[in-house]
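Supplied in structure tokens, the structure appears directly below.
Derivation of every value follows stated rules applied to the coordinates shown; laboratory data play no part. Just so you know, these numbers come straight off a predicted model, no measurement behind them. In this analysis, Cβ positions are derived from the backbone assuming ideal geometry, glycine residues included, and neighbour counts consider all displayed protein chains.
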Amino acid sequence: MFVDEVKIYARAGHGGKGCVAFLREAHRPKGGPSGGNGGRGGSVILEADHDLNNLIAQFYAPRLIAQSGDHGMGKGMDGHAGSDLVAKVPCGTLVWHIPAPDAFNQDDELLVDLTEPGQRFVLCRGGRGGLGNRNFSTSTRQAPRFAQPGEPGEEGEFQLELRLMADVGLVGFPNAGKSTLLKAISRAQPKIAPYPFTTLHPQVGIVEYPDCVRLTVCDVPGLIEGAHRNVGLGHAFLRHIKRCKILILLLDMAGIDGRLPWDDYHQLLHELELYDPALIARPLLVAANKMDEPAASENLEEFKRRIPSLRVLGIAAAFDQGIDLLKEEMRRTTDAAR
């Protein structure tokens with residue numbers, strides 16, 4: 001189960017109450033005020049963890065409630081502070097604050113973008129503990145019979161949105177062979193089947209090179225016409241390639257599903273531009289897949305005739321043809337984009 005968007009409720013711990021007490025010991029029947037302070041409440045903290053790849057933990061536990069501080073006690077004993085609640089989220093998580101229902105004309109506010117491993121963000125800060133009555137003793141008020149209550153912890157509703165962090169993004173129409181290519185260039189094991197929409201959520205693979213260099217590749221589910229308008233969950237898929245340094249447009253050069261490769265190319269660029277114009281400004285590689293099919297060679301010649309300025313890499317991902325050249329181009333283009 002892949003979860004990349006979840007709504008949570010978070011509440012920090014309340015501060016403990018200050019204590020009203022007076023010292024009573026042998027030979028000191030009327031000792032001074034000795035009420036201790038309340039402990040502070042624990043905070044709710046989000047921490048980016050590179051070992052996680054989705055928000056499934058928050059999906060099953062959407063309420064993050066930190067521990068409250070203990071109340072103060074007599075004989076000057078302060079209450080214990082509440083423990084902080086540290087919730088780990090994957091790198092690439094955006095945190096949005098959802099305004100209260102009675103808030104007028106307010107939009108969700110982006111609080112933080114957790115991109116670096118170990119990066120922390122205090123989502124809700126714990127309440128301060130109240131002062132005991134010993135803090136209010138003066139020369140003219142030697143027996144104060146009041147103390148401060150603890151402050152409530154911050155709380156609110158938040159939206160966590162994951163945008164995968166990858167070097168390379170694979171983009172193409174359904175059944176173009178993206179999952180097959182991901183399996184050919186990495187050790188990822190995505191589901192592969194001869195029908196569209198086999199991939200239902202983004203997949204990430206690691207491409208390894210002989211000199212120990214690694215590239216992360218993100219395979220998003222196939223796009224359809226109108227993806228920029230969220231048709232077919234287009235936004236849920238397209239947001240995962242917004243962080244990619246380069247994009248690979250994978251085309252079914254054999255046109256097995258009755259589509260023409262040059263039309264697919266223009267349609268993919270059109271959808272990317274309408275969703276985010278910055279996407280088409282990034283380095284693009286065009287890979288012509290399924291070159292083992294009879295019609296692929298003829299279609300590739302026609303494609304080059306229609307778009308002569310574009311370099312196209314012919315591959316057959318299912319048979320590992322042209323994979324080494326594609327991996328070299330991926331690395332060269334990625335290094336140039338950094």
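Below 16 Å, Cα to Cα, which lysines can LYS17 reach? Residues fewer than 8 away in the same chain don't count.
Candidates past the 8-residue exclusion: LYS75.
Now, a different point. Label points 7 Å out from Cα along the Cβ direction at ARG332 and ARG28: separation in nm?
The answer from the label model is 8.3 nm.
Here's another thing I want to ask about it. Determine, for VAL86, VAL6, the number of other Cβ atoms within 10 Å of each Cβ, and report the residues in order from fewest to most.
VAL86, VAL6
So what's the projected area for region 20-167, the Cα convex hull averaged over all directions, in nm²?
Projected area, direction-averaged: 13.2 nm².
Additional query: Which Cα, out of ILE206, ASN133, GLN67, lies furthest along the positive dipole direction of the chain (beta carbon charges, K/R +1, D/E -1)?
Checking the options against the dipole of the chain, the answer is ASN133.
In bins 20 Å wide, starting from 0, what share of all Cα pairs of the chain does each bin hold, as a percent?
In order of increasing distance, the bins hold 26, 39, 20, 11, 4, 0 percent.
Moving on. What residues qualify as long-range amide H neighbours of GLY32, i.e. H under 5 Å apart, gap of 5 or more or another chain, H built at 1.01 Å from N?
Those qualifying (amide H under 5 Å, at least 5 residues apart or on another chain) are LEU23.
Express as a percent, rounded to the nearest 5, the fraction of DSSP beta bridges in the chain (both residues included) that run antiparallel.
If I count the DSSP bridges inside the chain, around 55 percent turn out antiparallel.
Another question about this same structure. Ranking HIS240, HIS266, HIS80 by Cβ neighbours within 10 Å, fewest first, what do you get?
Final ranking by Cβ density, sparse to dense: HIS266, HIS80, HIS240.
What do you get for the angle between helix 261-275 and the principal long axis of the chain? Use alpha-carbon atoms, 0 to 90 degrees, nearest ten.
Once rounded, one gets 20 degrees.
Okay, moving on. Taking 0.36 nm per residue of sequence separation and subtracting the Cα-Cα distance, how much length would be gained by fully extending the chain between ALA318 and VAL213, in nm to one decimal?
35.4 nm
Tilt of helix 323-337 relative to the longest C-alpha principal axis of the chain, in degrees (0 to 90, nearest 10)?
50 degrees
A further question follows. Quick one: order LYS183, LYS75, LYS30 by neighbouring beta-carbon count within 10 Å, fewest to most.
Ordered from fewest to most neighbouring Cβ atoms within 10 Å, LYS183, LYS75, LYS30 come out as LYS30, LYS75, LYS183.
Thinking of region 59-117 as a set of Cα atoms, what percent of all their pairs are more than 20 Å apart?
Looking at region 59-117, the distances longer than 20 Å represent 55 percent of pairs.
Roughly what angle does helix 296-306 make with the longest principal axis of the chain, taking Cα atoms, 0 to 90 degrees, to the nearest 10?
The angle comes out at about 80 degrees.
Further question on the same structure: Going down the list LYS245/LYS290; LYS7/LYS327; LYS7/LYS183, which pairs span over 27 Å between their C-alpha atoms?
In this structure, LYS7/LYS327; LYS7/LYS183 lie more than 27 Å apart at Cα.
Hey, what number do you get for the chain at 222 nm if only DSSP H runs of n ≥ 4 count, each worth -39500 (n - 2.57), divided across all residues, to the nearest 500?
-5500 deg cm²/dmol
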